[in-house]
Amino acid sequence: MKEYQPAIGLEIHVELRTKSKMFCSCANDPDEKHPNFNVCPICMGHPGTLPVINEEALKKVIKTGLALNSSIPEYSKFDRKNYFYPDLPKGYQISQYDAPLCQGGFLNVDGRKIDITRVHLEEDTGRLMHPAGTEYSLVDFNRAGVPLMELVTEPDIASAKEAKAFAEELRLILRYLGVSDADMEKGEMRVEANISISNDKKLGTKVEIKNLNSFRSVEYGINYEIERQSKLLNAGKKVIQETRGWDAGKEVTVSQRKKESSHDYRYFPEPDLPPLQFKTEDIKKIRGEVPELPEAKRERFKKEYGLECEDVEMLVQNKNLGGYFEKVISEASDAKIIKLCANYLITDLQSLLQGASVTDKDFKITPEDFAEFIGLIADGTISSKIAKAVLQEMFMTGGDPSNIIEEKGLSQITGEKEIEAVVRSVIDKNPQAVDDYKKGKGNALQFLVGKVMQDTRGKASPEITGQLLKKLLS
């Protein structure tokens, strides 16, 4: 059995977030439930209609290219890609062939540089539906003509895991840029993989895998195809260049058709659209709109705030939460407060949000109030147990934490005399735990601390309680 090295390239299609379609004024609404509602003579390809380029879509593709280190040529154009399919109303697709909007580029994934061949702009097709138990298909043209960005990588990806990581990082960048929600469940981001295997430096026969509509499918589909091709070659058979589909239910790839070449599509310049010329100042203006990207934010959060990698990743993945975090600790320099803030945001607040966002209109806690809340924990005004109750009340009402503590009598008890009285009572009521502690059982102390907290409704200082128990039990 020979060992083969995979060479994987990805083609990733992304529906852009624009108000209208690529070449007409129909709404670009992925949530539209009524079929064939957002259509017009232009996107339906009626004779005598002329397309008009969506300027916002152009800017979004260029913005993406700049974020991915691509070069933006001064000249670009659209081309007709000719093929017939039921979901393609014109009988051709307006795409880009030899003069894409963005050329080259790269994306770093887990310390490895993955080269990008191109990023171009085209229009999406309609959607085919196949009702179960029938012999016909239904076509919904709401999606036909939606701005579709396609990114093509070089065959630099070395594993299914790396391919999945590339797609995940790209989606995060697209969301940071605001060019697309890239929701794979809605079909707003679709991945196709080109896979070949070889035991030398030459590339093997390429097989394209379609229908990879989740990150799990990307990883599982590629792994399956690598194994399938390896078995063929080890059996002395040849790998056929073809397009295969991923069957997520059976977790296998299935042959669909012989792979087309570019000449099969008879590309030629789109006669109804003018070529595109870009000025340096236009590109410079778009470059100024590119925000801090995930990779840079990871490095800054580690260096500036001294957070653990896991906390940093949570705050980077959730862009809105990361922004809220920075507002909360904008005037904090104490490492303890910064760490406390990250912990409560990532655990307790996320639990209360249940998938909602800190940017939602009905989110009531201001960054200033959350900063005050963290300060009250740090200075010992409230215990961690009381903090949970205070945060929940803040979440429900948007109340000021100090007011909530005062109104509900939740201030932490720090007076030794007051706590000592409760500690003595707990010791008297729990002789078995006292005996266990004296025999060296460490968890007995925690049990007694818990009893004190229970009797004081969580208001006793855990530190002072622990100190008094050790003192009285010695």
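As a ratio to 2.2 N^0.38 Å, the alpha-carbon radius of gyration for region 109-154 is 1.81. Pairs exceeding a 26 Å alpha-carbon distance, out of Lys59/Lys206; Lys385/Lys470; Lys336/Lys439; Lys81/Lys206: Lys59/Lys206; Lys336/Lys439. Figure legend: label point modelled 7 angstrom from the Cα of Ile240 along Cα→Cβ; residues of region 260-292 with amide N under 18 Å from it are 260-261. Size check on region 291-380: the Cα extents along the three principal axes, sorted descending, read 31, 30, 20 Å.
The relative contact order of region 1-93, computed from alpha carbon pairs under 8 Å that lie at least 6 residues apart in sequence, is 21 percent.
With R₀ set to 22 Å, the beta-carbon distance separating Glu407 from Asp455 gives a calculated FRET efficiency near 0.50.
Spread over its residues, the convex hull of the C-alpha atoms of region 1-96 is 206 Å³ per residue.
Taking the square roots of 5 times each eigenvalue of the Cα gyration tensor of region 179-293, largest first, gives ellipsoid semi-axes of 35, 21, 16 Å.
Can you give the Rg to Rh ratio of region 225-333, both from alpha-carbon atoms, with Rh computed by the Kirkwood formula?
Values: Rg = 24.9 Å, Rh = 20.4 Å.
Dividing the radius of gyration by the Kirkwood radius yields 1.22.
Would you give the gap between the C-alpha center of region 215-231 and the C-alpha center of region 278-312, rounded to a whole Å? When both Cα centres are located, 33 Å separates them. When a 1.4 Å probe is rolled over the protein heavy atoms, the share of accessible surface on the chain that falls to carbon and sulfur comes to 50 percent.
The modelled label-to-label distance between Arg424 and Glu154, using points 7 Å beyond Cα along the C-beta direction, is 7.9 nm. With a point put 7 Å past each Cα toward its Cβ, work out how far Gln354 is from Lys302 in nm, to one decimal. Label at Gln354, label at Lys302, 3.6 nm between them.
Which value, in Å³ per residue, describes the convex hull spanned by the Cα atoms of region 125-239?
Convex hull volume per residue, Cα atoms: 145 Å³.
Per residue, what accessible area does region 1-119 have, given a 1.4 Å probe and all protein chains present, in Å²? If you can, show how the numbers build up before the last one.
Values: 5750 Å² over 119 residues.
On a per-residue basis, 48 Å².
Can you give me the C-alpha center-to-center distance between region 334-377 and region 92-120, rounded to a whole angstrom? A separation of 39 Å, based on Cα centres.
The ellipsoid equivalent to the alpha-carbon distribution of region 366-474 has semi-axes of 31, 12, 11 angstrom, derived from the gyration tensor eigenvalues as √(5λ) and listed largest first.
If packing is taken as the average number of other Cβ atoms within 10 Å across a peptide's residues, how do 125-135, 439-449, 310-320 rank, most packed first?
Numbers: 125-135: 11.1, 439-449: 14.0, 310-320: 17.4.
By packing density, highest mean first, the sequence is 310-320, 439-449, 125-135.
Taking all Cα pairs closer than 8 Å and separated by 6 or more residues, the relative contact order of region 236-316 comes to 15 percent. Distance distribution note for region 293-334: the fraction of Cα pairs above 11 angstrom is 62%. With the simple spin-label model, which puts each label point 7 Å out from Cα in the Cβ direction, the Lys258 to Thr280 separation comes to 5.0 nm.
Please report the antiparallel percentage of DSSP beta bridges with both residues in the chain, rounded to the nearest 5.
Values: 52 of 56 bridges.
Looking only at bridges with both residues in the chain, the antiparallel portion is about 95 percent.
With 0.36 nm allotted per residue and the present C-alpha distance subtracted, the Ser474-Lys364 stretch has 34.8 nm of extension available.
The values are calculated or read from the model by the stated rules, or taken from the named source; none is laboratory data. Here the structure is a predicted model, which is why all the values come from computation and not from measurement. FYI the Cβ positions are ideal-geometry reconstructions off the backbone, even for glycines, and counts take in every protein chain you see. Calculation scope for accessible area: heavy atoms of the full protein, side chains included, ligands and nucleic acids excluded. Shrake-Rupley method; radii C 1.70, N 1.55, O 1.52, S 1.80 Å.
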